[in-house]
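The values are calculated or read from the model by the stated rules, or taken from the named source; none is laboratory data. These numbers come from a predicted model, not from an experiment. Glycine gets a Cβ as well: all are built from the backbone with ideal geometry, and neighbour counts include every protein chain shown. Note: areas computed on protein heavy atoms with side chains; ligands, DNA, RNA excluded. Shrake-Rupley method; radii C 1.70, N 1.55, O 1.52, S 1.80 Å.
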Amino acid sequence: MISLRNKFTSIITLLFLVSCKTKDAFEIKVYNLNNEPNALNLVTVNPKNIVHECIFLNAEAENKWRYQYMMYILNDQKEVIPVMYAIHQEKSVCNEHLKKVEKIIKQNDLVKLCLREILKNDSTSAEYIKFGQLGKFPIKFEPLTFGSICSANKCYNSNSAWTHTCPGFQISND
Amino acid sequence: MAKKSKKITIVHTHPRRVKPSVKNPIGVTIVDEHLRRLPGTYLDELEIYKIANSYKIKNIPRPSKNKLNMEGENKCDDLIAIWTDYFNNLFSIKPPLDVDMIKALVGSESEFILNPKNPVAIGIAQITKETLKIIQDPNGEVKGFIFNKISQKDLKNPDIAIPVAVRWLAYKKERAESKLGRAATHEEIILEYKGLLKSKSDYKKNALKKYRGLYDKLKK
């Protein structure tokens, strides 16, 4: 009887661990665009592996308005993939974008992102990004371009400028 | 750059006929002495349309088409070709501004969206309100060749925004070369347009990434 109970406990523990592992998932699928192979990346990731910010570019003179939205995704190899918004934005517009993304990543255990460009290694980067209690990890790739983020029941797109997006995502009408 | 020639003339005090009124029964008023810019030293909306509509575009360099997978990526190609050629010739720019550089710049500023949400910068080339003032100031940084009576609303129209952007970029090329003390590369000109050539920002590399990506695709 005790042995049976131990087995049952082991199975429950194993199931718990497997389910935790699933929530830590990082998956990347790559798709071709018309004339650009591997230029669309469909990333599935746990939101705790995402941090994001609006960075002031400190440009000169009449360009003081420029902010760059940056997202950082920690992959399963403990390497950071940077993601940038396609164009510079004024501070309030950048923060508005950040809040929309934040709303999706705060309420979900897994999110899907459609990101553009070919993922390339960046051996020149010496930058580390802090992911809360997970620690600091190095940027190992060149930035991808933000397109869309979706949870199980909600999507936010900033891809109205494009002709194609990842399978299962929609071009926004903005 | 621009040939040194007379850009302004003095209009002396002279009488002007007006509709007679109780206040002015003889119907003549005196106009004080003032300065007037000579034709060919400025562009207003009417002149912009006149030039664009009559420009011979058959043999001028045009930007690469259909390379970017972006909505509306070709819609300003004619305007880019016309105004790049116009200012290259007007200012005798050496080496001339490259049409693909301007197309990639526009893509990196707005993704070819006519008026991206931005309370500070306007239109497809993201011209700031401050820049609009500078390019219309007869005593300002670009007094050699200015625009006249262009409003913020006009900049939402690429017919106006593109010539303004190309003229501004021609000036930025000059500025970059003066800062560097040598000919500027296309990336350095773009960095100057974005106010990042001499910025100490750690994000200069990323700031140029989008432009570089678009430019490389156009040149493939």
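Worth a mention:
- When each of B:122, B:102, B:127, B:113 is tested for being β-branched (Val, Ile, Thr), farther than 11 Å from residue B:169 by Cβ and more than 7 Å from chain A (Cβ to nearest Cβ), the lone residue that passes is B:122.
- The single condition from (1) more than 18 Å from residue B:201 (Cα to Cα); (2) modelled with pLDDT under 95 that residue A:57 fails is (1).
- Only one entry in B:173, B:133, B:156 is open to solvent by 60 Å² or more (accessible area, probe 1.4 Å) and closer than 18 Å to residue B:80 by Cβ, namely B:156.
- Residue satisfying all of: in the stretch A:36-65; within 13 Å of chain B (Cβ to nearest Cβ) and either of a type in the set (A, V, I, L, M) or in contact with an Asp or Glu (Cβ under 8 Å, 6 or more places away or on another chain) (or both); surrounded by the fewest Cβ atoms within 10 Å (Cβ to Cβ) among these: A:61
- Selection count where residues are of a type outside the set (A, V, I, L, M, F, W, C), in contact (Cβ under 8 Å) with a residue 12 or more places away in the chain, on the phi < 0 side of the Ramachandran plot and not in a helix (DSSP H, G or I), scope the stretch B:83-103: 3
- The set of residues from the stretch A:75-92 being touching a residue at least 12 places away in the same chain (Cβ under 8 Å) and open to solvent by less than 60 Å² (accessible area, probe 1.4 Å) comprises A:75, A:79, A:80, A:81, A:82, A:83, A:84, A:85, A:86, A:88, A:89, A:90.
- Criterion: touching a Cys at 6+ places or on another chain (Cβ under 8 Å), among the polar types (S, T, N, Q) and open to solvent by 70 Å² or more (accessible area, probe 1.4 Å) - qualifying residue of A:133, A:170: A:170
- Scope the stretch B:176-193; condition touching a Phe, Trp or Tyr at 6+ places or on another chain (Cβ under 8 Å) and open to solvent by less than 50 Å² (accessible area, probe 1.4 Å); matching residues: B:187, B:190, B:193
- Residue B:84 being within 15 Å of the chain's Cα centre (by Cα) and within 12 Å of chain A (Cβ to nearest Cβ): no
- Taken over the stretch B:172-208, the criterion of being over 20 Å from residue B:107 (Cα atoms) and within 15 Å of the chain's Cα centre (by Cα) is satisfied by B:174, B:175.
- Among residues of the stretch A:93-128, those that are in contact with a Phe, Trp or Tyr (Cβ under 9 Å, 6 or more places away or on another chain), within 12 Å of another protein chain (Cβ to nearest Cβ) and either assigned to a loop (DSSP other than H, G, I, E, B) or among the small types (Gly, Ala, Ser) (or both), counted: 3
- Only a single criterion out of (1) closer than 17 Å to residue B:194 by Cβ; (2) within 11 Å of another protein chain (Cβ to nearest Cβ); (3) outside any loop (DSSP other than H, G, I, E, B) is not satisfied by residue B:133, namely (1).
- Residues in the stretch A:142-153 that are more than 12 Å from chain B (Cβ to nearest Cβ) and either buried (at least 20 other Cβ atoms within 10 Å of the Cβ) or closer than 24 Å to residue A:89 by Cα (or both): A:148, A:149, A:150.
- Exactly one residue out of A:120, A:106, A:112 is over 14 Å from the mean Cα position of the chain (by Cα) and among the charged types (D, E, K, R), and it is A:120.
- Selection count, the stretch B:136-149, where residues are open to solvent by 10 Å² or more (accessible area, probe 1.4 Å) and among the hydrophobic types (A, V, I, L, M, F, W, C): 0
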